[in-house]
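Chemist: Below are the structure tokens for one structure; questions will follow.
Where a number appears in this text, it was derived from the coordinates with a stated rule and is not lab data. Just so it is clear, the model here is predicted, and its values are computed rather than measured. Every residue, glycine as well, gets a Cβ built from its backbone with ideal geometry; the counts of neighbours run over all protein chains shown.
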Amino acid sequence: MKLKNYLPLVAFCMMTTGWNCEVNAQLAPGVDFNNLDKNALPGTSFYQYACGGWMEKNPLSGEYSRFGSFDKLAENNREQLKGLIEGLASTKNQPGTVAQKIGDLYNIAMDSAKLNKEGAAPIKPYLKKIASIKGKTAIYPLIAEMRQMGLDPYFTVYVSADDMNSSMNMVHTYQSGISMGEREYYLDNDDKTKNIREKYKLHVAKMFRLAGFDKASADKAMASVMLIETRLAKAARTKVELRDPHANYNKISVAELKKQYPSFGWDVFFTNFGLKGLKEINIGQPASIKEVVAIINSLPLKDQIAYLQWKLIDASASFLSDEIYAENFDFYSKTINGVKAMKPRWKRAVAVVDGSLGEAVGQMYTEKYFPAAAKERMVTLVKNLQISLGQRIQNLAWMSDVTKAKAQEKLAAFTVKIGYPDKWRDYSSLQIKNDSYWDNAQRANRFEHNYMISKANKPVDKSEWQMTPQTVNAYYNPTTNEICFPAGILQYPFFDMNADDAFNYGAIGVVIGHEMTHGFDDQGRQYDKDGNLKDWWTAEDAKNFEARAAVMINFFDKIEVAPGVHANGKFTLGENIADHGGLQVAFNAFKNATKNAPLQTIDGFTPEQRFFLSYAGVWANNIRPEAILSRTKSDPHSLGKWRVDGALPHISAWYDAFNITAKDAMYLPVEKRVSIW
């Protein structure tokens, strides 16, 4: 993505481009052939062929809308984290220590009797405070405070790198404020979306009643919420429009900001937000800010109060009574995503501790579960993938030598992060107290807010990680030109110290190549080697890239993910390019690594076949119909099935490995295949 019990370690020796033949000969194939559906044909649906057995063995449980290889590994990690956290929660720890904070927060989250006794009481003072505002000028300091509490009324303000001066942090705004997340839920008029929208209205009204409002007041509040959120949705950019980094860069002085939106109380907002004396800001989506100002100016105060109270009720639901949590689950998980059952309380508690003290938990996790040898092997894999991508760039027929040279400079400048950070976060100022769960949650949010605000107008810390070490994922960050592979993903089925290169290059190798290719996808290619939003392409090369990317857009637009519902090729373009590039680069690196020591056929499967089987296995999953629809609206990644059956028809080596011909359903003529990196 763009911004993932280790097996026993085997002895190994390093070569420049791979593993010694004697070592590779000792390693296992990695691929579990029981995960295959051998009744399926590779050329009809490679996804079914490679993953059908896995899908049969791993049916969806009630708590999942989608369950795949990522989720299965995350479950294993969660069990490991549970053991670490419960160990601290079961003992008396020194006040103020990380151990005390982790243990106490977990115990508070697990105390259902206390939560049910309190009901909505923990948020009542905040609801009262919102209700007591007397004029619209009081809205500005209030929404600044709510942002510190982790709420998202109207729009978001955050601190991150200046895209045009990536070595420095600056303040940005971003469209926000709609509780269903996707603007389409408010605007589309197909039957499924209208049904969700009607159920959302019922949900909002019921949540107000659970928070202590009578039915008449709750219904009126719901109407206000729908009015404001629908207006915000109409003003918001689409997911496709948000993919344009230049359109999202609108840096102006605060003096100019006040001229453009004079009625908004910017000074009091920024002061209460913690940004007193701010000089400049990037307005990510100006139309969204314009509409926020119009909403505050044009709608009665009672509507603003209802909306702000809703943002509090909605955000606090996971930290209140079981009844309130159940209603929140019923809409967001069951109605939107088709989930049948709540996760057990301990999983939710572990997730909150993990989210609040992530690096502290990660430090414990990596000390126990991440061996140094795994990091060493990953360093070699990454280096081999960099060499491979460099080779493919150099051999591109459609790119000029001028742009190739710049691309090679960017590739050489990648910062690589593996396993865990070199320095850990300091949690000493975060207080975990024996009061309400909600109060602890909002203190944790204030702690994160202060950490973010402390970076404003300061140099970017390129050693900082954007994921915790225990996360089952990976990322590329364009403004720091870095790729990151947390310890959490460096496990089976992505990485196996006991497996040979066919497996590891097909699985984690493609993940590495995927993240590298993000530096050269439709968004990432617009950033230079230093992470600045700066055009380094010739006009002709940019035109060639866009023409090749259009082939991919058109191909995925034609994929029907559900009856009458198609994939969105423009929205998923960056991730699809990264999958495509990852496969090409990893396969080339695999062939480089084994050219002097070819691997053998195992159980009837050639090394090349095992490469593609291991890739497909990464995306094995079962998914509910509701989740197919919601993810198609919200997820820039293609669905798991199409990360296999949509990606492989464009990879020539896959055709060769499985003898795919024009007679096969997945066959694409060469002239119709995507060819970029």
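Chemist: By the scheme Lys and Arg +1, Asp and Glu -1, what is the net charge of all other residues having a beta-carbon under 11 Å from that of Lys591?
Modeler: Taking every other residue near Lys591 into account, the sum is -1.
Chemist: While we're here: Once R0 is set to 60 Å, what does the formula 1/(1 + (r/R0)^6) return for the Cβ-Cβ distance between Lys558 and Lys92, expressed as a FRET efficiency to the nearest 0.05?
Modeler: Here the calculated transfer efficiency is 0.45.
Chemist: Which of the listed residues, Ala562, Pro459, Gln523, is farthest toward the dipole's positive end in segment 418-574, when Lys, Arg count +1 and Asp, Glu count -1 at the beta-carbon?
Modeler: Final value for the positive-end residue is Pro459.
Chemist: Same structure again: What dipole magnitude, in Debye to the nearest 20, does segment 134-319 give about its Cα centre under +1 on Lys/Arg Cβ and -1 on Asp/Glu Cβ?
Modeler: Roughly 460 debye, rounded to the nearest 20.
Chemist: Further question: Please tell me which of these pairs span more than 29 angstrom C-alpha to C-alpha: Lys383/Lys534; Lys311/Lys558; Lys101/Lys206; Lys215/Lys290?
Modeler: Checking Cα-Cα distances, Lys311/Lys558; Lys101/Lys206; Lys215/Lys290 exceed 29 Å.
Chemist: Quick query: amide H of Phe571 versus all other amide H atoms, modeled in the peptide plane; which residues come in under 5 Å with a sequence gap of 5 or more or a different chain?
Modeler: Amide H to amide H, under 5 Å and 5 or more residues apart or across chains, Phe571 pairs with nothing.
Chemist: Rounded to the nearest 500, what is the 222 nm mean residue ellipticity of the chain from helices alone, with -39500 (n - 2.57) per DSSP H run of 4+ residues and division by all residues?
Modeler: Per the formula, -16000 deg cm²/dmol.
Chemist: Here is a follow-up. Looking at Ile483, Ile289, Thr403, which one has the Cα that reaches farthest to the positive end of the dipole of the chain (charges on Cβ: Lys, Arg +1; Asp, Glu -1)?
Modeler: Ile289
Chemist: Asn169's amide H: which non-local residues (gap 5+, or another chain) put their own amide H closer than 5 Å, with H modeled 1.01 Å from N in plane and none for Pro or chain starts?
Modeler: Placed amide hydrogens put Asp162, Asn457, Lys458, Val460 under 5 Å from Asn169.
Chemist: Let me ask you something else. Dipole size in debye (nearest 20) for the chain around its Cα centre, Lys and Arg Cβ +1, Asp and Glu Cβ -1?
Modeler: Computed charge dipole of the chain: roughly 1660 debye.
Chemist: Work out the count of Lys pairs in segment 103-188 where the Cα-Cα distance is under 23 Å, with the pair 8 or more places apart or on different chains.
Modeler: 7
Chemist: Thr230 to Lys302: extension gain in nm, 0.36 nm per residue of separation minus the Cα-Cα distance?
Modeler: 24.2 nm
Chemist: If the chain between Asn39 and Tyr667 were fully stretched, how many nm would it gain, using 0.36 nm times the residue separation less the Cα-Cα distance?
Modeler: Extending this stretch completely gives an extra 224.2 nm.
Chemist: In whole Hz, with x marking every Gly and Pro, tabulate ³J(HN,Hα) for segment 520-536 from phi via Karplus 6.51 cos²θ - 1.76 cosθ + 1.60, θ = phi - 60°.
Modeler: These are the phi-based 3J(HN,Hα) values: 10, 7, 5, 8, x, 5, 7, 9, 8, 5, 8, x, 8, 6, 8, 6, 10 Hz.
Chemist: Report the extension gain between Glu409 and Gln394 in nm, rounded to one decimal, defined as 0.36 nm multiplied by the number of residues separating them, less their alpha carbon distance.
Modeler: Extra length from Glu409 to Gln394 when fully extended: 4.2 nm.
Chemist: A follow-up question, please. So how do Lys595, Lys340 line up by other beta-carbon neighbours within 10 Å, fewest first?
Modeler: The order, fewest Cβ neighbours first, is Lys595, Lys340.
Chemist: Let me ask something additional. Listed here are the pairs Lys406/Lys641; Lys417/Lys672; Lys417/Lys455; Lys199/Lys276; Lys82/Lys220; Lys302/Lys343; which of them are more than 31 Å apart at the Cα?
Modeler: Lys406/Lys641; Lys417/Lys672; Lys199/Lys276; Lys82/Lys220; Lys302/Lys343, as the Cα separations exceed 31 Å there.
Chemist: Which one, Asn248, Ala113, Tyr667, is farthest towards the positive end of the dipole of the chain when Lys and Arg carry +1 and Asp and Glu -1 on their Cβ?
Modeler: Farthest towards the positive end: Ala113.
Chemist: Still on this structure, please answer the following. Give me, ordered by chain and number, the residues 5 or more places off Lys251 or on other chains with an amide H under 5 Å from its own placed amide H.
Modeler: Distant-sequence amide H within range of Lys251: Ile283.
Chemist: Also: How large is the Kirkwood hydrodynamic radius of the chain, counting all unique pairs of alpha carbons, in Å?
Modeler: Result for the chain, one decimal place: 26.7 Å.
Chemist: Evaluate the distance, in nm, between pseudo-label points positioned 7 Å from the Cα of Asp426 and of His566 along their respective Cα→Cβ axes.
Modeler: Taking the two extended label points, one gets 5.5 nm.
Chemist: Got a sec? How would Ile602, Ile324 order by Cβ neighbour count within 10 Å, fewest to most?
Modeler: Ordered by Cβ neighbours within 10 Å, fewest first: Ile602, Ile324.
Chemist: At a Förster distance of 35 Å, what's the computed FRET efficiency of Asp32 paired with Asp244, Cβ-Cβ distance as r, to 0.05?
Modeler: So the FRET efficiency works out to roughly 0.25.
Chemist: I've got another one for you. Determine the dipole magnitude for segment 538-677: charges of +1 sit on the beta-carbon of Lys and Arg, -1 on that of Asp and Glu, nothing else is charged, the reference point is the Cα centre, and the result goes in debye to the nearest 20.
Modeler: Using Cβ point charges on Lys, Arg, Asp and Glu, segment 538-677 gives about 80 debye.
Chemist: Further question: Could you calculate the FRET efficiency of Ala542 with Asn434 from 1/(1 + (r/R0)^6), where r is the beta carbon distance between them and R0 is 51 Å, rounded to 0.05?
Modeler: 0.30
Chemist: Report ³J(HN,Hα) in whole Hz for each residue of segment 492-500, in order, from the Karplus equation J = 6.51 cos²θ - 1.76 cosθ + 1.60 where θ = phi - 60°; Gly and Pro get x.
Modeler: Calculated HN-Hα couplings, in order: 4, x, 8, 8, 9, 4, 8, 9, 7 Hz.
Chemist: Follow-up. What does the charge count near Tyr307 come to, summing +1 for each Lys or Arg and -1 for each Asp or Glu among other residues with Cβ under 11 Å from its Cβ?
Modeler: Around Tyr307, the charge tally is 0.
Chemist: In whole Hz, with x marking every Gly and Pro, tabulate ³J(HN,Hα) for segment 37-44 from phi via Karplus 6.51 cos²θ - 1.76 cosθ + 1.60, θ = phi - 60°.
Modeler: For segment 37-44, the Karplus curve yields 10, 6, 7, 8, 9, x, x, 8 Hz.
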